[in-house]
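Enquirer: Let me give you the structure first, and then I'll get to my questions.
All of the numbers you see were taken from the coordinates with simple rules; none came from a lab. Predicted model only: the values in this text are computed from it and were never measured. For neighbour counting, all protein chains shown are included, and Cβ atoms are generated from backbone atoms with ideal geometry for every residue, glycine included.
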Amino acid sequence: MTQISPPLPQAAKLALELEQPIEVSIEESEPVEYVSPALRVANFLAITLPFAGLIAAIVMLWGVAFNWVYLAMFLGGYVLTGLGITIGFHRYFTHKSFEAPRAVQAALGILGSMALEGPLLTWAATHRVHHQHSDRHDDPHSPHTHGEGFKGFFQGLVHSHFGWLFVREPKNLEKYVPDLQKDPLVRFISRTFFVWTALGLIIPAMIGGLVTGTWMGVLLGFLWGGLARIFLVHHVTWSVNSVCHLWGSRPFRSHDHSRNNAIFGILAFGEGWHNNHHAFPASARHGLRPWQFDSSYMVIRALELVGLARDVRVPTPERQEAKLAKK
């Protein structure tokens, strides 16, 4: 594993340095307004209720329109496409936290595209903008930029969770990904985004039909392995934007409101250790403590052990100690 190099001054400059991990420098000023503990609890409840509804639907429909076949497709698709986002779109393409052969790059890019979270180049550029302006007014999806009180909190929650998707994209996104735009494989995967999205819906439908031999199996495969799986991946990913900037611990200095949240540390394959990530953006490991479960990093380490990943970057214990928040 390789020690992370120190951050450079500007995100756009870093993106041009192919040998350097992608880290950004954020102003030393405080981020925008703080949200009270009561409102953070309200946010937590608002985010968890849809999960409860999904579980209730599964239980109620078991044996009627849901069984072990659809559960396997639902969870299998969730794991594969979720890891495509966390390991592929996020840790590999956006932050360059490790290196991998072209076949692994292609697989990660295609799986991430099947999550239906947008083309690879747009996703990576938006995330780099988020790091440069985290919890400030140019952050594309901060929950902290909509004023004070319950109204501001609610607007921020909706915006950070999914409302930002309906807002015009930041200008000049391409300046954040010049390194990725030079890569023909990345351009191809990004340009053919809707092809991979369609395959992510068609494949579970075909599996459902082949296993059951019925058109109802095709429909239920499409619903559970396709649409429901996308709903869960989206909701968990969006919760990192919202919950993990409102609710949790902040062991490291990061100049924003990013927080470690154990629930989404598990559900989001390690992405919920969000304060760790904002403190060390180029780290392939987000769960920096032994008790912080990070399944994405476990997969990266497994790839490294079999020769399918290299130059895996993790901050040294000394660097972590130096960045701990003051008590």
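Enquirer: Tell me the net charge near Leu121. Cut-off is 9 Å between Cβ atoms, Leu121 excluded, with +1 for each Lys or Arg and -1 for each Asp or Glu.
Expert: Residues near Leu121 contribute +1 overall.
Enquirer: Further, regarding this structure: Using a simple spin-label model with points 7 Å from Cα along the Cα→Cβ vector, what separation in nm is obtained for Lys182 and Leu54?
Expert: Taking the two extended label points, one gets 3.9 nm.
Enquirer: Any chance you could run the full-extension gain for Leu75 through Ser249? It's 0.36 nm times the residue separation minus the Cα-Cα distance, nm to one decimal.
Expert: Between Leu75 and Ser249, full extension yields an extra 59.8 nm.
Enquirer: Using a 7 Å offset from the Cα along the Cα-to-Cβ direction at both Leu61 and Arg102, what is the distance between the two label points in nm, to one decimal?
Expert: Once both label points are built, they end up 4.1 nm from each other.
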